Amino acid sequence: MTAVLECAHLVRTFGDLRAVEDVSLTIAPGETYGLLGPNGAGKTTTISMICGLLAPTAGTVRVLGREITPAASDAKAAIGLVPQDIALYPDLSARENLRFFGRLQGLRGAALEARIDETLDVVGLRDRAKDRIDTYSGGMKRRANIAVGMLHAPTLLVLDEPTVGVDPQSRNSILEAIANLGTAGMAVLYTTHYMEEAERLCDRIGIIDVGRLIAEGTRAELVAGLGSASRVTVRAEGTAPALEAWRAALATLPGVTVSATATGADLACADSTATVAAAFQRAGAHGVAISGVEVAAPDLESVFLHLTGKGLRDE
């Protein structure tokens, strides 16, 4: 099957900084691809090149076989971008916003009105279509943002952390709407800071760190590649220097990857029993008190921690 999106050896530099280094990926029709990475990993720069907002220093982006560049207006028409920030006019209604953006995409008349109704149905806002955006909750604004991105029926929909800051009920509505897009045949590129969203939505996942795509595959493939590693979450108390020294001591253990958390540490390890014992031993040596331990079987979070040394939501 012909790929909707093809990124080949993308590189982007800013002076001496190489923000993206040799990133290649493809997305097939109807596939939802999750691009995960810690802050500063290169996700936003990669998305900007994919959408034609930023020219690559090297490499190419093609959508339906057509190269995407900042000047390629016709080719970019196949892409719908839903940015992290709300890109709507607050003093207009949802329908008025959609009508405005639809006209920018070349839609007119009855076809535009029908498409507005379709997208409002997908995001569950048909009954609030006449209300101003500034009367909407945060979750409703996010859903209206998605409606604008998909209004012109793009072949590729790019969603950049579309559920940031919304309540659980709205978040679930957004995820249901996005899941329906994939089943309807639209290719979706999805970034998120919530691992459970990637687990729920994405057919394949790429993990990017320090500008490089360091792993790619289905959830099952990525977890299988980790082998028997487990994730150990340790809650601990102590002074900041003591906790830092304790984590540093744990990082010297063979096969253990350590990520600092606000309440202690997350550990990816092959032998959870030995690692927990070592955590207690080193806690005593560094004046740290452990208040709780949780051990989880290998999952996508464990893969991410093992590969990047960070939790997905680490700042």
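The values are calculated or read from the model by the stated rules, or taken from the named source; none is laboratory data. Because the structure is predicted, anything quoted here is derived from the model rather than measured. Please note: Cβ atoms are built from the backbone with ideal geometry, for glycine as well, and neighbour counts cover all protein chains shown.
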Can you spot a residue in region 123-132 that is surrounded by fewer than 19 Cβ atoms within 10 Å (Cβ to Cβ), modelled with pLDDT under 90 and assigned to a loop (DSSP other than H, G, I, E, B)?
yes
Out of all the residues in region 154-184, which are within 13 Å of Thr119 (Cα to Cα) and either in a helix (DSSP H, G or I) or in contact with a strand residue (DSSP E or B) (Cβ under 8 Å, 6 or more places away or on another chain) (or both)?
Pro154, Ile174, Ala177, Ile178, Asn180, Leu181
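Output the residue which, of all residues in region 196-218 that are under 21 Å from Met186 (Cβ atoms) and of a type in the set (Val, Ile, Thr), is nearest to the chain's Cα centre (by Cα).
Here the residue is Ile205.
Return the only residue of Arg18, Arg95 being of a type in the set (Lys, Arg), farther than 25 Å from Asn180 by Cα, in contact (Cβ under 8 Å) with a residue 12 or more places away in the chain and buried (at least 16 other Cβ atoms within 10 Å of the Cβ).
Exactly one of Arg18, Arg95 is of a type in the set (Lys, Arg), farther than 25 Å from Asn180 by Cα, in contact (Cβ under 8 Å) with a residue 12 or more places away in the chain and buried (at least 16 other Cβ atoms within 10 Å of the Cβ), namely Arg18.
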In region 195-233, residue surrounded by the fewest Cβ atoms within 10 Å (Cβ to Cβ) [restricted to those that are small (Gly, Ala, Ser) and part of a helix (DSSP H, G or I)]:
Ala220
Show me the strands (runs of 3 or more DSSP E) found entirely inside region 1-94 where at least 2 residues are under 21 Å from the mean Cα position of the chain (by Cα), assigned by TED's automatic domain parsing to the domain that holds Glu161 and acidic (Asp, Glu).
17-27
Across region 82-93, what is the total count of residues that are in contact with a strand residue (DSSP E or B) (Cβ under 8 Å, 6 or more places away or on another chain) and at pLDDT below 95?
3
Could you identify the single residue in Gly284, Gly292 that is more than 30 Å from Ala198 (Cα to Cα), surrounded by fewer than 19 Cβ atoms within 10 Å (Cβ to Cβ) and not assigned by TED's automatic domain parsing to the domain that holds Glu197?
Gly284
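The rows are residues; the columns are (1) β-branched (Val, Ile, Thr); (2) surrounded by fewer than 19 Cβ atoms within 10 Å (Cβ to Cβ); (3) in the same structural domain as Thr183 (by TED's automatic domain parsing).
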{"site": "Leu107", "(1), (2), (3)": "no, no, yes"}
{"site": "Ala114", "(1), (2), (3)": "no, yes, yes"}
{"site": "Ser137", "(1), (2), (3)": "no, yes, yes"}
{"site": "Gly149", "(1), (2), (3)": "no, no, yes"}
{"site": "Val158", "(1), (2), (3)": "yes, no, yes"}
{"site": "Gly165", "(1), (2), (3)": "no, yes, yes"}
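Residues checked against (1) within 15 Å of Leu307 (Cα to Cα); (2) modelled with pLDDT of 95 or more; (3) out of contact with any Phe, Trp or Tyr (no Cβ under 8 Å at 6 or more places or on another chain):
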site: Val234; (1), (2), (3): no, yes, yes
site: Ala240; (1), (2), (3): no, no, yes
site: Thr252; (1), (2), (3): no, no, yes
site: Val256; (1), (2), (3): yes, no, yes
site: Ser259; (1), (2), (3): yes, no, yes
site: Ala262; (1), (2), (3): no, no, yes
site: Asp266; (1), (2), (3): yes, no, yes
site: Cys269; (1), (2), (3): yes, no, yes
site: Thr273; (1), (2), (3): no, no, yes
